[in-house]
Ligand code: SD4
């Protein structure tokens with residue numbers, strides 16, 4: 001049997017194997033018949049990989065793992081690793097824009113289908129913060145390690161120290177210092193953070209998020225991306241969500257957790273992302289800031305929404321990666 005046919009067959013088989021305890025909320029049933037509903041209905045799980053912005057290669061990498069029957073957690077880690085290593089992506093990992101003092105400081109987190117989570121923030125000199133986050137998740141009793149402690153841990157488990165400031169990012173920072181004008185531009189400067197969600201053939205969901213944060217931020221600033229519930233949240237009974245854009249707005253609304261909880265209450269991924277954006281819009285001045293959410297549910301349905309137009313995302317539900325425009329409030 002061709003590997004494509006095997007893949008389709010496995011996907012169909014897994015769709016019947018998934019019984020979702022949280023399903024009653026997905027379909028709006030009341031609590032009295034929860035058990036019955038759970039027994040009778042199973043979700044048809046269609047494998048999917050989705051990630052923020054135009055990260056086609058990262059999606060292709062992740063999809064190649066899903067397609068072979070691999071785990072979602074491996075797919076998201078290896079997918080975002082590609083972007084972390086790319087010197088041309090100035091919002092993530094190697095080549096990321098530095099803070100205003102010239103330090104490249106990285107934030108990342110990862111979460112698996114069992115609700116395990118790992119995170120690093122304000123980590124310097126390590127090219128793959130998401131892989132350090134996975135080690136935190138798997139090898140320590142903690143969820144978040146920060147700064148010098150995160151670096152010490154990374155070195156102790158075999159990561160190597162590297163200078164992450166590329167000549168291009170250094171040159172731009174030197175130019176920025178002439179004026180020191182701190183005003184992130186929507187969709188242009190500072191926005192390429194990768195948040196990735198995957199649903200594998202076994203019906204399991206995992207996610208990862210990694211960034212160098214806002215360019216020219218204050219030293220020590222940590223954004224939403226490494227914070228479980230803000231930049232990323234997974235609940236394998238319901239779905240997953242990730243965020244990009246102005247981290248302060250996402251942090252204050254615990255955005256990704258909110259999106260997943262809204263899906264638990266019965267909203268589609270799209271409507272859940274929209275409502276999470278509306279929470280920001282109702283509470284603060286939003287004209288000068290961009291926030292975008294992506295979500296998937298247990299069935300593999302996807303959704304997205306942003307404040308401003310221009311937020312794009314990469315999605316695989318079939319072999320070819322599509323780059324799509326998110327709907328937006330403005
Ligand atoms: C942060 N949310 O550090 C990140 C930035 C981002 O695309 O998403 N950029 O606030």
Might you check whether a residue that is more than 16 Å from the ligand (Cβ to nearest atom) and in contact with a helix residue (DSSP H, G or I) (Cβ under 9 Å, 6 or more places away or on another chain) occurs anywhere in region 162-175? yes
Condition set more than 16 Å from the ligand (Cβ to nearest atom) and closer than 18 Å to residue 61 by Cα, scope region 192-203, selection surrounded by the fewest Cβ atoms within 10 Å (Cβ to Cβ): answer is 201
Across (1) in contact (Cβ under 8 Å) with a residue 12 or more places away in the chain; (2) over 23 Å from residue 54 (Cβ atoms); (3) part of a loop (DSSP other than H, G, I, E, B), residue 260 clears everything bar (3)
Checklist (1) at pLDDT 95 or above; (2) touching a helix residue (DSSP H, G or I) at 6+ places or on another chain (Cβ under 6 Å); (3) part of a loop (DSSP other than H, G, I, E, B) applied to residue 70, failing item: (2)
Considering only residues that are more than 12 Å from the ligand (Cβ to nearest atom), surrounded by 24 or more Cβ atoms within 10 Å (Cβ to Cβ) and not in a loop (DSSP other than H, G, I, E, B), which ones fall in region 209-257? 233, 234, 239, 240, 241
Mind counting the residues in region 213-258 that are out of contact with any helix residue (DSSP H, G or I) (no Cβ under 9 Å at 6 or more places or on another chain) and either more than 17 Å from residue 290 (Cα to Cα) or outside the structural domain of residue 117 (by TED's automatic domain parsing) (or both)? 4
Among the listed residues 75, 58, identify the single one that is away from the ligand (no atom under 16 Å from the Cβ), within 28 Å of residue 200 (Cα to Cα), in contact (Cβ under 8 Å) with a residue 40 or more places away in the chain and buried (at least 20 other Cβ atoms within 10 Å of the Cβ). 75
Options 310, 240: the member that is in contact with a strand residue (DSSP E or B) (Cβ under 8 Å, 6 or more places away or on another chain) and closer than 26 Å to residue 137 by Cβ: 240
Is at least one residue of region 306-317 surrounded by fewer than 24 Cβ atoms within 10 Å (Cβ to Cβ), part of a loop (DSSP other than H, G, I, E, B), under 12 Å from the mean Cα position of the chain (by Cα) and in contact (Cβ under 8 Å) with a residue 24 or more places away in the chain? no
Among (1) surrounded by fewer than 16 Cβ atoms within 10 Å (Cβ to Cβ); (2) closer than 24 Å to residue 200 by Cα; (3) in contact (Cβ under 8 Å) with a residue 60 or more places away in the chain, which single condition is residue 324 missing? (3)
Can you confirm whether residue 277 is assigned by TED's automatic domain parsing to the domain that holds residue 120, closer than 20 Å to residue 311 by Cβ and away from the ligand (no atom under 11 Å from the Cβ)? yes
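The values are calculated or read from the model by the stated rules, or taken from the named source; none is laboratory data. This is a predicted model, so every value here is computed, not measured. With ideal geometry, Cβ positions are generated from the backbone for all residues, glycine too; neighbour counts draw on all protein chains shown.
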